[in-house]
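Here's the structure, in structure tokens; my notes come after.
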Amino acid sequence: MPKRVAVIDLGSNSARAVIFERTSRLGFFILAEHKIKIRLGEGAYENGGILTSEAMQKCLLAFKKFKTLVCNYKAKRVLCIGTSALRDAPNGSEFINLVRKQTGIAIRKIDGQMEAYLGAYAAQNLLSDFSEGVTLDIGGGSTELAYIKNGRIENKISLNLGTVRLKELFFDRGDTKGLEKYINSAISQVGAEFRTQNLIVMGGSARALSGAVMSLQNHPLKIVHNFSYDYEKYAPFFAKLMSAKTLDLAKFPIKKDRYDTIREGAIIFDKIVRRLGAKKIITSGVGVREGAFLSSILRGANLPRGFNPSLRSLKDRFASEPSEAPKFAKALFCALSPLHGLGEKYIKILQTAASLCEIGRAIGFYAKHETSADMVLGGLNYRTTHKEKALIAAIISMHGKRELGATFAPLSAILPDAGKLAWLSYILELARLLSENALKNLEFSFENSTLKISGADNLIMLKGSLKKLSKPAIFAIKFL
């Protein structure tokens, strides 16, 4: 598999090209992402699915642009997937041949079952851990669901239920009765085997709805991946949105480019939630594109348990020097546990922070910890909850201090209390200082209100740094 891979996802509403860059065997990040609203399915749903020549020509122009982007980014492999509008179209092969002939890009037309699988495959590998849930991918022409349990995709279904489809067949005609009948008939295909408490949503409409909830909450992180909320709490908001007039959509925290189909998406979403009995909504920023990329490098297997590809990628790119800090952070946490009383769940947080606290040096020495924290917020995306990411960034930015600086203060809404932050920040900075001074094979113990560190020598620089650290409790440090 080459270092850079382009994945193009051709849907009914838009086409999107993503450039993935691998930094190691399983470490990767998104280098670039470009979306073009092409409406390939425009006018097709009321005409037997036949793609119009205007829609095909517009989409062809998008593919020519994508071809230029692929060349500019020097991607050595292109994976291109066509979904609902293409598989519904009697003349779909004509368009596929046209694109191949004029751009050299080969479109792979996938059925609804494969579309459901790829979205679920991406979610189960790149969301933070969950044991059970159903993925819901609301597209322009179709909606896919997949039931996941203990890392296995057990059931899949694809419905001819999409935002553009509903818009053209019912909304544009004001046919509310026909709309209700059509949606209920489609959703009746979803059996009891899909009932769940956890609904994992993906696709542009569902992510736009999650973004609206984030805005209502004034959520401090603006990345939808791994954002979760309780549906019933926001059901009144969704009800108002579904019944809103077009001219009233500006009153909702929805981006303008979603106005034309957001009500259709909200209706599908609401109906599915109630059909499944779902309570918790988990937003997935990944979907079919990431699923196609992952399947090409994993060949159907899952990522190793506990492995975080975005953490690996950050370390590959920016942590060039080996560090003892993660090992020291865990040992210090355990030794000082009689004082801080924190749960073991914070050990992983500390170790991750210790492995990333110096990556800002790749940008520049000054304010490196603030830079490192910013890089965590922007780059530590997969398999990490919002609370975990915010906490890792916060304690890195504190740099051993007892309080958050003004820049990262907004994160407080989803962070532990100040006492816990002070302890985590202190342990992280002490571990970093010990590693920075090239110390290895240290042993830690705590007794008689003294932290004893064995195996250290040449402490002239370290002792000066330790004097500047503000301890979160009264105890002594003794080197043996």
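The values are calculated or read from the model by the stated rules, or taken from the named source; none is laboratory data. Computed from a predicted structure; not experimentally measured. All Cβ positions, even for glycine, are placed from backbone atoms using ideal geometry, and neighbour counts span all protein chains on display. Heavy atoms of the whole protein, side chains included, go into the accessibility calculation; ligands, DNA and RNA do not. Shrake-Rupley method; radii C 1.70, N 1.55, O 1.52, S 1.80 Å.
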key: Residue count for segment 138-155, restricted to those that are assigned to a strand (DSSP E or B), touching a Ser or Thr at 6+ places or on another chain (Cβ under 9 Å) and open to solvent by 20 Å² or more (accessible area, probe 1.4 Å)   = 3
task = Working only within segment 1-55, note down all residues that are among the acidic types (Asp, Glu) and either in the same structural domain as residue 173 (by the TED database) or under 16 Å from residue 285 (Cβ atoms) (or both).
result = 9, 33
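Check segment 376-394 and report whether any residue there is free of Cβ contacts under 8 Å to residues at least 60 places away in the same chain and more than 18 Å from the chain's Cα centre (by Cα).
Looking for residues that are free of Cβ contacts under 8 Å to residues at least 60 places away in the same chain and more than 18 Å from the chain's Cα centre (by Cα), one finds at least one in segment 376-394, hence yes.
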ask   = Since residue 368 meets every condition but one in (1) touching a residue at least 24 places away in the same chain (Cβ under 8 Å); (2) surrounded by 16 or more Cβ atoms within 10 Å (Cβ to Cβ), which condition does it not meet?
value = (1)
request  = Could you tell me which of the residues 285, 300, 343 is over 27 Å from residue 8 (Cα atoms), surrounded by fewer than 22 Cβ atoms within 10 Å (Cβ to Cβ) and not polar (S, T, N, Q)?
outcome  = 343
message = Can you go through 323, 337, 355, 295 and tell me which one is at pLDDT below 95, of a type in the set (Ser, Thr, Tyr) and out of contact with any strand residue (DSSP E or B) (no Cβ under 7 Å at 6 or more places or on another chain)?
response = 323
request  = May I ask you to list the residues in segment 425-463 that are open to solvent by 50 Å² or more (accessible area, probe 1.4 Å) and under 20 Å from residue 352 (Cβ atoms)?
outcome  = 436
task = Take segment 303-317 and flag every residue that is surrounded by fewer than 18 Cβ atoms within 10 Å (Cβ to Cβ) and in a helix (DSSP H, G or I).
result = 316, 317
ask   = Is it true that some residue in segment 379-388 is open to solvent by less than 10 Å² (accessible area, probe 1.4 Å), closer than 30 Å to residue 445 by Cβ and at pLDDT 95 or above?
value = no
Given (1) modelled with pLDDT of 95 or more; (2) open to solvent by 10 Å² or more (accessible area, probe 1.4 Å); (3) over 22 Å from residue 82 (Cα atoms), index of the condition residue 173 fails = (1)
ask   = What number goes with the only condition from (1) assigned to a loop (DSSP other than H, G, I, E, B); (2) out of contact with any Ser or Thr (no Cβ under 9 Å at 6 or more places or on another chain); (3) crowded, with 21+ Cβ neighbours inside 10 Å that residue 212 does not pass?
value = (1)
From the options 103, 23, residue that is touching a Ser or Thr at 6+ places or on another chain (Cβ under 8 Å) and of a type in the set (S, T, N, Q) = 23
message = Scan segment 62-75 and tell me whether some residue there is farther than 23 Å from residue 286 by Cα and in contact with a helix residue (DSSP H, G or I) (Cβ under 7 Å, 6 or more places away or on another chain).
response = yes
inquiry  = So for segment 109-117 (the condition being β-branched (Val, Ile, Thr) and open to solvent by less than 10 Å² (accessible area, probe 1.4 Å)), does at least one residue qualify?
reply    = yes
note = Of the residues in segment 59-94 that are charged (D, E, K, R) and closer than 12 Å to residue 7 by Cα, the one that is least open to solvent (accessible area, probe 1.4 Å) is 67
request  = Working carefully through the options 221, 209, find the one that is touching a strand residue (DSSP E or B) at 6+ places or on another chain (Cβ under 8 Å) and at pLDDT 95 or above.
outcome  = 209
task = Go through the residues of segment 245-253 one by one and say whether even a single one is modelled with pLDDT of 95 or more and closer than 30 Å to residue 48 by Cβ.
result = no
